[in-house]
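Here, each number is a calculation from the coordinates, and none is a lab measurement. What you see is a predicted model; the values in this text were computed from it and never measured. Heads up, the Cβs are rebuilt from the backbone with ideal geometry, glycines too, and the neighbour counts pull from every protein chain shown.
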Amino acid sequence: MFSGLVITGQTVAFFLIALFLIACGVMLLSMKKVIYMAISIGGVFIGAAAVYILLEADFLAFAQVLVYAGAITIMLLFAIMLTKHDELERPAVITAHPVWSVLGTAGLGLIVLWVVKFSGIKWPQATADSPFQGQDNVKMIGESLFSQYVIPFELVSVVLIVALVGAITLANKEEKN
Amino acid sequence: MLSVEQFLTLGAILFCIGLFGALTKRNIIIVLVSVELMLTAVNINLLTFARFGLTPSINGQIFTLFVMTIAAAEVAVGLAILIALYRNRNTSDVRDQDLMKW
């Protein structure tokens, strides 16, 4: 399948991480308790951070650990406990809906994998040495963010503050007068 | 040596797992989590082409940063909506939220 694969430390690390990621994803789909599902998504987020390091995006890997594995997972756990924390996922009733979900997802997956593997597209060949050699990742991101992308950056900060205020307004219990 | 195809395959598999979860799970929180999983798969693809693409540059990483920010905002608003729904309907099952269903 991966013809011409040279076994190096990087490829071994990649396949271990990929195995961990997919195992956590399958656990997310197959676990009975909702709380275990939320914990397995934490595993997926940490594995994704490891993939980011393999792709030489160090800053994003740390941001992923902080934002996703730290904040979002804990927030999901809080939300589960605030609703019904010992609730089991109800067994799926056999109707037409799950069948179509399986068929649609499998079809999409097969099409994408066919495009990646067998359609004859020549993907750019990976070079052995990094294109960002000798450059500080954080410095590059900072310079790009505050020169070329300064307007999207400011807009994103506005979106974040609106989302925060909106979330508080939505979740706030209205006063009974 | 790592190749583009390996990362694209991993991204495709994770995306399909997330899509299946979003379509079949019954708890709203898990549906939200599955959407996050799909976004993570997309981020892996973006970073792959930022590192291994024809013109490797930092732009893919900047875009991933924006995707992560919007995803965090999405989770915050989604969980707030979930808390409000749970207060009003006392359930977190997707199929019970049928007030606007035609």
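Each label point was placed 7 Å from the Cα along the Cα-to-Cβ direction; for A:Phe153 and A:Ile168 their separation is 2.6 nm. Of the residues A:Ile151, A:Ile168, the one with the fewest other Cβ atoms within 10 Å heads the list, and the complete ranking is A:Ile151, A:Ile168. Fewest neighbouring Cβ atoms within 10 Å first, the residues B:Phe15, B:Phe7 line up as B:Phe15, B:Phe7. Once you've got the Cα coordinates, tell me which of A:Lys32/A:Lys84; A:Lys33/A:Lys173; A:Lys117/B:Lys25; A:Lys173/B:Lys25 are over 25 Å apart. Those over the limit are A:Lys33/A:Lys173; A:Lys117/B:Lys25; A:Lys173/B:Lys25.
Computed from backbone phi, the HN-Hα couplings of the range B:55-62 come to 10, x, 8, 7, 4, x, 5, 4 Hz, rounded to whole numbers (Karplus: 6.51 cos²θ - 1.76 cosθ + 1.60, θ = phi - 60°; Gly and Pro given as x). In this calculation the C-beta distance from A:Ala71 to A:Phe118 is compared with R0 = 41 Å, giving a FRET efficiency of 0.55. Distance between the 7 Å Cα→Cβ label points at B:Leu99 and A:Asp136: 5.2 nm.
Scanning chain A for DSSP H helices at least 27 Å long along the axis (C-alpha atoms) with a Kyte-Doolittle mean no lower than 0.0 picks out A:9-30, A:34-54, A:96-117, A:150-171. A protection proxy built from the mean count of other Cβ atoms within 10 Å ranks the segments A:61-70, B:41-50, most packed first, as B:41-50, A:61-70. Each of B:Lys25, A:Lys139 was scored by other Cβ atoms within 10 Å of its Cβ. Listed from fewest to most, they are A:Lys139, B:Lys25. Take each residue of peptide A:35-45, count the partner chain Cβ atoms within 10 Å of its Cβ, and average: the result is 3.
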